[in-house]
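Down below is the structure, laid out as structure tokens.
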């Protein structure tokens, strides 16, 4: 059943949308009593929203979901939020954004919908959440995870095939002739299943090419969460190695943007002296000099799938088992990985 | 009166927050009836939130505000949203984000709180809104404008001194020896008061230095809204002039990022062949090569002021006249304007 809109009410009452809005919001000054009555009659006939709050309460449906993510200032999460808000709006839902700021406790709070009793379900892009804690437990609200799920965690997972995407971008660097390929983004204390998958894909590509993995090329990130500053710092430490890398694959584009800045500060050219690749497909990657090779998940597809899965859980009376939804990605080739060093 | 939190209830009942959450969300499986009773008693004693929705309805206070902005994928607006959500949360309010997508109609809808009857007030960063249409009219909801206000538009304005900031960055370029300074960001059909102020500041700095403004250096942006693509396109057109500029001031950092990319494509060096400056103080400006000179508004201060002003309007029984709140900015010097050409 399509939602009745203010436009429908305006058309029925033969008045402007503005007038309907004034009546709805009880800003009566500019509306004649006769017109207001006509609007109220149209609202009644169409069963429209001045009573929506009350109807929502009675039915228990606020049509509000939460999107929990570390920080909107990170452009990847801003893109995720943009796509999720659009997909939710298309289904008649509004979104509260919970910025968890790299706090595991804030991520748990978000999963439990703690910020507002209106929240009917949660989509989370976790960073520090230890999913093993939640394995086998009932969740208080319908939950969809953007990223990879631990076995036993009773939510839906919406993700690209992180291992395969990571394998492809690493194999691309190898194909271009790079041999000592470092990886930036490994975090020691963080139980980030998605990152683990990406690191596995990197190792698999090395193995397929017969290149031995060098632990010194997979340093632990000292700063959390992913940021330009963390990428720059980690790149600088890689340049201090006795045997520095000839290419670097970053698990997030923002890390690669920071690495690019650090390489320039060190007087090194990309791609001639060092190859570089990222992950996320951010717009900035296409406008950097050189443009950045990156894996671009289909964020619109992911957002749509996450919203659809969550609403299905919200509206279903049955217990839906955990589902894994795999979305598309593209490997976007930039100039940052162009050097042929065969 | 401080808000009672789930933590308070958990402490009073002597149970975990998780248990309280399960009771609140009626996920009863894991909670014994005795424990659930204890939790409900604590909720009752503290007057806590399971009944919040009902209380809100009775009091007419949903504690939900809307933030309307063109597109979260634009990093300036993502930063604005991050700061606004944080400031609102500190005051116990949640935020719906309305992406108006560069549509004047969507901006009007947002001002009227059309997406949800729960919305108690609106903060808007407008793009295409013709404020003159709204001058002298009653607004259906409390409204705060991020940016400059038309006289007669009955909302609060929270903004930096755009004219002065723009004058300073232009004077800085002149001080570095640049003389033919172009401006990117002028839009012909768009009644953008903020942009008009910034262009005025640019012209004032030229006048103070005795430099005659050259209309060919202030081309009209063919693409709307501000984007990297628009900046690149406009920069390319400036390079086709018989007398191209020796520096470019962009009214938004994303325009400058696009311009930088176009300059590189044309084989020109920044700052040696062309000086460059932006506006917004985005993090990307500090990680570009060269780093970008830019005006950084104090977004935390702006968000706080906007949220405070809006909540005051929401909670006040009196008619508050329009207020102008001016926030701080910094001129951040990057390498993009470093060439001394005196």
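If you check B:192, B:188, B:253, B:246 for being in contact with a strand residue (DSSP E or B) (Cβ under 7 Å, 6 or more places away or on another chain), modelled with pLDDT under 95 and in the same structural domain as residue B:166 (by TED's automatic domain parsing), only one passes: B:188. Filtered by the rule that a residue be within 11 Å of chain B (Cβ to nearest Cβ) and over 23 Å from the mean Cα position of the chain (by Cα), segment A:284-318 gives A:289, A:290. Taken together, A:88, A:135 contain a single residue that is within 14 Å of another protein chain (Cβ to nearest Cβ), on the phi < 0 side of the Ramachandran plot and either touching a helix residue (DSSP H, G or I) at 6+ places or on another chain (Cβ under 7 Å) or surrounded by fewer than 23 Cβ atoms within 10 Å (Cβ to Cβ) (or both), which is A:88. Screening the candidates A:229, A:165 for the property of being within 22 Å of residue A:254 (Cα to Cα) and within 14 Å of chain B (Cβ to nearest Cβ) yields one hit, A:229.
For segment A:59-69, taking the residues that are in contact with a strand residue (DSSP E or B) (Cβ under 9 Å, 6 or more places away or on another chain) and farther than 26 Å from residue A:190 by Cα, the one that is surrounded by the most Cβ atoms within 10 Å (Cβ to Cβ) is identified as A:65.
Is there a residue in segment A:224-231 that is surrounded by fewer than 17 Cβ atoms within 10 Å (Cβ to Cβ), over 22 Å from residue A:75 (Cβ atoms) and touching a helix residue (DSSP H, G or I) at 6+ places or on another chain (Cβ under 9 Å)? Scanning segment A:224-231, I find no residue that is surrounded by fewer than 17 Cβ atoms within 10 Å (Cβ to Cβ), over 22 Å from residue A:75 (Cβ atoms) and touching a helix residue (DSSP H, G or I) at 6+ places or on another chain (Cβ under 9 Å), so the answer is no.
So that you can scan it fast, the table gives a plain yes or no per residue for (1) outside any helix (DSSP H, G or I); (2) in contact with a strand residue (DSSP E or B) (Cβ under 8 Å, 6 or more places away or on another chain); (3) more than 11 Å from chain A (Cβ to nearest Cβ); (4) at pLDDT 85 or above:
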{"residue": "B:26", "(1), (2), (3), (4)": "yes, no, no, no"}
{"residue": "B:31", "(1), (2), (3), (4)": "yes, no, no, no"}
{"residue": "B:38", "(1), (2), (3), (4)": "no, no, yes, yes"}
{"residue": "B:41", "(1), (2), (3), (4)": "no, no, yes, yes"}
{"residue": "B:44", "(1), (2), (3), (4)": "no, no, yes, no"}
{"residue": "B:52", "(1), (2), (3), (4)": "no, no, no, no"}
{"residue": "B:57", "(1), (2), (3), (4)": "no, no, no, no"}
{"residue": "B:71", "(1), (2), (3), (4)": "yes, yes, no, yes"}
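Please determine, by comparing only the residues of segment B:109-124 that are more than 14 Å from residue B:313 (Cα to Cα) and crowded, with 22+ Cβ neighbours inside 10 Å, which one is farthest from the other protein chains (Cβ to nearest Cβ). Ranking the qualifying residues of segment B:109-124, first place goes to B:124. A search for C-beta distances below 8 Å between a residue of segment B:23-52 that is assigned by TED's automatic domain parsing to the domain that holds residue B:10 and farther than 23 Å from residue A:62 by Cβ and any residue that is in a loop (DSSP other than H, G, I, E, B) and at pLDDT 85 or above, counting only pairs 6+ apart in sequence or on different chains, returns B:35/B:15; B:38/B:14; B:38/B:15.
When you check residue A:219 against the structure, is it within 20 Å of residue A:339 (Cβ to Cβ) and either surrounded by 15 or more Cβ atoms within 10 Å (Cβ to Cβ) or in contact with a helix residue (DSSP H, G or I) (Cβ under 7 Å, 6 or more places away or on another chain) (or both), yes or no? Considered against the rule, which asks whether it is within 20 Å of residue A:339 (Cβ to Cβ) and either surrounded by 15 or more Cβ atoms within 10 Å (Cβ to Cβ) or in contact with a helix residue (DSSP H, G or I) (Cβ under 7 Å, 6 or more places away or on another chain) (or both), residue A:219 comes out as no.
Selection of segment A:74-85 for residues being surrounded by fewer than 24 Cβ atoms within 10 Å (Cβ to Cβ) and more than 9 Å from every other protein chain (Cβ to nearest Cβ) yields only A:76. Residues that are loosely packed, with under 15 Cβ neighbours inside 10 Å and assigned to a strand (DSSP E or B) do not occur anywhere in segment A:313-320.
Residues that are in contact with a helix residue (DSSP H, G or I) (Cβ under 7 Å, 6 or more places away or on another chain), under 27 Å from residue A:75 (Cα atoms) and surrounded by 16 or more Cβ atoms within 10 Å (Cβ to Cβ) within segment A:192-216 comprise A:193, A:194, A:197, A:198, A:201, A:202, listed in sequence order. Filtering segment B:256-283 to residues that are surrounded by fewer than 24 Cβ atoms within 10 Å (Cβ to Cβ), away from chain A (no Cβ under 13 Å) and touching a strand residue (DSSP E or B) at 6+ places or on another chain (Cβ under 9 Å) leaves only B:271. Of the residues making up segment B:204-229, those that are in a helix (DSSP H, G or I) and touching a strand residue (DSSP E or B) at 6+ places or on another chain (Cβ under 8 Å) are B:206, B:217.
The values are calculated or read from the model by the stated rules, or taken from the named source; none is laboratory data. Because the structure is predicted, anything quoted here is derived from the model rather than measured. Ideal geometry is used to build each Cβ from the backbone, glycine not excepted, and the neighbour counts take in all protein chains shown.
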